[in-house]
Every structure is written in C-alpha cells, then in structure tokens.
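The values are calculated or read from the model by the stated rules, or taken from the named source; none is laboratory data. Remember, it's a predicted structure, so these values are computed and weren't measured experimentally. A quick note on method: Cβ atoms are made from the backbone with ideal geometry, for glycine too, and the neighbour counts reach across all protein chains shown. Note: areas computed on protein heavy atoms with side chains; ligands, DNA, RNA excluded. Shrake-Rupley method; radii C 1.70, N 1.55, O 1.52, S 1.80 Å.
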Amino acid sequence: MKKWKLIILTGILLLTGCQSKTPVTKELFAMDTYMTMTAYGKDAEKALDQAAAEIRRLDQLWSVGQEKSEVSQINQSGSGPVSPETGELMDLSLSLYEATDGALDITIYPVMDLWGFTGKDRKVPSDEELEQTLAKVDASRIRYDGQTVTLEEGQGIDFGAVAKGYTSGRVMEVLAENGVTGALISLGGNVQCMGTKPDGSLWRVGIQKPDGGEGYLGVLTLTDKAVITSGGYERYFEENGKTYHHIIDPSTGFPADSGLTSVTIVSEEGALADGLSTACFVMGKDKAYELWKKSPDRFDMILLTEEGELYITAPLQGMFTSDMEFSVLEE
Ligand code: ADP
Ligand code: MG
C-alpha cells in the first residue's frame, strides 16, 4: 500500500474512533415519564432512534390511558388476545404474584382507579367502595392460556409495576443489535446499563434519596444491570394532612406501609427488577430478605427503612459506596 493511502486510512479510522468516543444522548417523554438515553458506538444515533421507536410501540401496547392499547382493550371487553411482549409480561407478572405471596398483583387496576391514580382526581375512597373494589383484585383468577387473557367481571389489569423495566431490557437488546458498545438509560429513574464507556470504565448509578435531599443514598459502579427503585415519593397526593402514594398493598387496598421508604433492585433482568422493586416495597424488609435468600443469584437489593437504616445484599459490596452507614444482608 502506498504511504499516502495508509495515511488517509489511518485518518479515517481515527475519525470514526473519535466519533464513537463521544456519547449520543436522546430524551423523550413516554410511559408517563421523562426518559434519557446515552449510548456509545459508531451508529449510536440510529440505535437510539430505533430504541425510541420501540419504547413508543411498547407504550401503545400497555398504556391504560390510551383506549386503543392492548391492555385497555382487554380491560374494556374482559378478554382478548395478547401480543408476544404482553404474553411475556403476563408470565412474569403471574409468576411474581406467586413468588411474592400476592404483593405484586396486576389486577390492582380497579383499586388504582378508585384512588384516582389513573386520572387527575385523587381521593381517599370510602371503606365500602374499597371493600367492594378490592374483592375484584386477585391475579390467580385471571385465565391465561398463553394466547388469550380472560378477566373476571369487574377485573382490570395494569402493567405499571413491570412495564418500564421490561422496556429498559428491550432497549438494551435494540442497542446491542445496532452495535452500541456502551449505554446508560434512565426511564423515569429506572436505570439500565450495558457495556462500558470507550475508556473501559463502568457506569456510576446514584440512588436517589426518598426525601429528595441532596446527594445520594449511595452510588453503584457496575455494568450490564438494571437498577430499579420504587418509593412512595414518586407519585402521591395529600388529604387532611396525610400522604397517600401510588404503590398499593393488595391485602389492604391502601398505599403500602411496610416500613420501607425506598427499595432498589439490581438485576440483569429489567422486568424482574421492576416487578420486585414494587413487590418488595409492599412486603417490607423481612419478607424481601426471605425472598432474596431463595434466589440470591437473580437479584440484589438496597433497602431504606423509615428509621433511616440502610441495607444492601452481600454481592453488592464492592460496587456500592455511601456516605451513610449501612448493614450487609448475608445469604
Ligand atoms: P414507578 O412506576 O413509579 O417507577 P413502580 O414500578 O413501583 O413505580 O410501579 C408503580 C405502579 O405499579 C403504579 O403506578 C400502579 O400502576 C402499579 N401498582 C401499584 N401497586 C401495585 C401492586 N401491588 N402490584 C402491581 N402493580 C401495582
Ligand atoms: Mg416496579
């Protein structure tokens, strides 16, 4: 090869090398929340466009606010066919219903509606209304054969507790298929990351304080994981001086009051992390710990109690740093 050709070739390589060292960022509003995505790779821009299109597609399947969504159609007619993605969410949700003793129950929808969390007018329901509506909540009464879902009269489903985690997992696949070498996305605070930055460094994910205070509960340094947090601070309203938030305990119909103020789940599986963050928030520390001990290789967690005690499961040691004191939960 002639020398000048070599020079041009190296020049081009350097140029493309430079390009993929600069991250591409995309922001969007979907699934009722703000999302930001950052990716490295020479086709990162195209990859993020495809990821955004995928997010909007999934949103249209599961939005309870859109009449034409697959979930709304099922809720309206009591029965309907499901797409493969909805089928996957259904399988996961039903298995988590079993594993969490009903703490995660996608048939919570009529109760969410009663509290007004699905619309604008939020209110504390009367005991009678709550009792009647709660009688419909029971995921074990859903009939699902892998293709069609059939609900009982008065039942409704809502994938709000698992949809964003499923979506972040799906986004990682889309980005990887498009040659992205490193990415960090946040779907309304639900984070998932893959690969590394061009210099080989890992991602740093700060865990928000539930009181909105400065700084973080702690910072995780990691990759190829979803880091998903549930707390009562994200969506709530006040009535007569009391605060009511959007994670409902299916055994009472009231906002979960388990003694935890924040639950973060770390897992390779986004949808699992999301479902478990909601469920563990309902279950409280002791039951969440019991659940973790049954399958410590599938997920880890960071728990904060009302008393301000911070706990992490043992495998997170080494990737978690915090200014606060914390205790380690062992297997
Ligand atoms: P966020 O969506 O705010 O990140 P979560 O993942 O914890 O938080 O999901 C909360 C949503 O899950 C609620 O808005 C509601 O749609 C739904 N939900 C609330 N309580 C339950 C429950 N016990 N089981 C299943 N879904 C729930
Ligand atoms: Mg969740």
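Things to note:
- Each principal axis of the Cα cloud of the chain was taken in turn, and the coordinate range along them, longest first, works out to 86, 48, 38 Å.
- Carbon + sulfur, % of accessible area of the chain - ligands and nucleic acids excluded, 1.4 Å: 48 percent
- For the chain, calculated [θ]222 nm from helices alone, where every DSSP H run of n ≥ 4 adds -39500 (n - 2.57): -11000 deg cm²/dmol
- Each 10 Å bin from zero up to the one holding the largest Cα-Cα distance in segment 106-153 carries the following percent of pairs: 25, 45, 24, 6.
- If a spin label sat at a point 7 angstrom from the Cα of Ser295 along the line to its beta carbon, the backbone N atoms of segment 67-92 nearer than 11 Å would be those of 92.
- Residues of type lysines that Lys294 reaches as a straight line, Cα spacing below 22 Å, ignoring anything fewer than 8 places off in the same chain: Lys225, Lys285
- In summary, the aspartates and glutamates within cross-link reach of Lys293, defined as a Cα separation below 19 angstrom excluding same-chain residues under 8 places away, comprise Glu98, Asp101, Glu268, Glu269, Asp274, Glu330, Glu331.
- With the simple model of a label 7 Å out from the Cα in the direction of the Cβ, Ser140 to Gln50 spans 4.3 nm.
- Heavy-atom surface of the chain, accessible at 1.4 Å and reported per residue (Å²): 50 Å²
- Order by protection proxy (mean Cβ within 10 Å, highest first), peptides 250-258, 124-132, 73-81, 235-243: 250-258, 73-81, 124-132, 235-243
- Here segment 202-331 is described by how far its Cα atoms reach on the three principal axes: 45, 34, 24 Å, from widest to narrowest.
- For the pair Glu128 and Glu239, a Förster radius of 30 Å applied to the C-beta separation gives a FRET efficiency near 0.95, rounded to the nearest 0.05.
- Ordering 54-64, 278-288 by mean Cβ neighbour count within 10 Å, with the highest value first, yields 278-288, 54-64.
- Seen from Asp49, the other residues with C-beta closer than 12 Å to its C-beta sum to a net charge of 0, counting Lys and Arg as +1 and Asp and Glu as -1.
- Cα-centred dipole magnitude for segment 202-331, charges only on beta-carbon of K, R (+1) and D, E (-1), debye, nearest 20: 240 debye
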